[in-house]
Amino acid sequence: PERRPARRASLPRAKEDARVPRQEHRTRIDPTAAMAGPAVRYTLRRFPAAQVAILELCNPPVNALSKEIREALLQGVQRADADPDVRGVIVKGAGAGFSGGADISEFASGRALEAPVLPDVCDALEDCSKPVVAAIHGNAMGGGLEVAMGCHARVAAEGATLSLPEVKLGILPGAGGTQRLPRLVGVKHAISVMTSGGAST
């Protein structure tokens, strides 16, 4: 008898996929919530059965975590968490990298300690009831890496560079990095990263 070729196994497909046009998968800007603040762009990526909020750090050239960025990022994650139609959140950086960390110019003025401080922002990301993913490209340095570690998961593009260079300034990571990094990569490697200030890819 003629042998039929074996059927390839495939994952079940949601029924909604057959009824929703392909263009529904494209990213759209919600005109009523285009910006979560002056330095974070809030967009919605629509899928057949859900939508994801994308919070894009926009503070060139390195997306430094200024007071405005911190305020806007906190507002963005709170807005996404409160929206029943949002099923997840992505945090990413505009331009060439994720974030270069704290805005060093704020250290002397004291703005770095004005609310919301970075530890509170990282805690809000971690406490969000929706899954939060950091999409990392380019540099994620210092506070930028701490923001990524505050998210529930991280995805890094090829060539992305991760570092906690605070030790080179005579300080230590102050937004939870000393606790979260050992949990993610183990104590031995975390100590090496924090005490050397070197970059990992």
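Determine the per residue accessible area of segment 42-163 with all protein chains present and a 1.4 angstrom probe, expressed in square angstrom.
42 Å²
Give, in nm to one decimal, the length gained when the segment between S196 and L113 is fully stretched (0.36 nm per residue of separation minus the Cα-Cα distance). Present the calculation step by step, with values, prior to reporting the outcome.
On the way: separation 83, 0.36 × 83 = 29.88 nm, distance 2.54 nm.
The S196-L113 span can extend by a further 27.3 nm.
Only four residue types carry charge here, +1 at the Cβ of Lys and Arg and -1 at the Cβ of Asp and Glu. Report the dipole size of segment 45-201 about the Cα centre in Debye, rounded to the nearest 20. Let's see the in-between values first.
Values: 14 positive and 16 negative charges, 88 e Å.
Dipole magnitude for segment 45-201 comes out near 420 debye.
What distance in nm lies between label points placed 7 Å from Cα along the C-beta direction at S105 and D127?
Reported label-point gap for S105 and D127 is 3.1 nm.
Stretched out fully, how many nm does the piece from A96 to K188 gain, at 0.36 nm a residue minus the Cα gap?
30.1 nm
Give the carbon-plus-sulfur fraction of the accessible surface of segment 87-136 in %, rounded to a whole number; probe 1.4 Å, heavy atoms of protein chains only.
C and S fraction of accessible area: 59 percent.
In terms of the Cα gyration tensor, with a ≥ b ≥ c the square roots of its eigenvalues, is segment 103-162 rounded because a/c is under 1.5, prolate because a/b exceeds b/c, or oblate? Could you put the intermediate results ahead of the total?
Values: a/c = 4.14, a/b = 1.31, b/c = 3.16.
Judged from the Cα gyration tensor, segment 103-162 comes out oblate (a/c at least 1.5, b/c at or above a/b).
Among G176, L145, A156, which residue has its Cα positioned farthest towards the positive end of the charge dipole of segment 144-198, with +1 placed on the Cβ of Lys and Arg, -1 on the Cβ of Asp and Glu, and the dipole taken about the Cα centre?
Checked the options; the winner is G176.
Using only alpha carbon pairs under 8 Å that are at least six residues apart, calculate the relative contact order of segment 106-201 and give it in whole percent. Don't jump to the answer; show the numbers that get you there.
Numbers: 143 pairs, mean separation 24.7, N = 96.
That works out to 26 percent.
The values are calculated or read from the model by the stated rules, or taken from the named source; none is laboratory data. Since the model is a prediction, treat every value here as computed from it, not as a measurement. Cβ atoms come from the backbone with ideal geometry, glycine included; neighbour counts cover every protein chain shown. Surface areas here come from the heavy atoms of the whole protein model, side chains and all, with no ligands, DNA or RNA. Shrake-Rupley method; radii C 1.70, N 1.55, O 1.52, S 1.80 Å.
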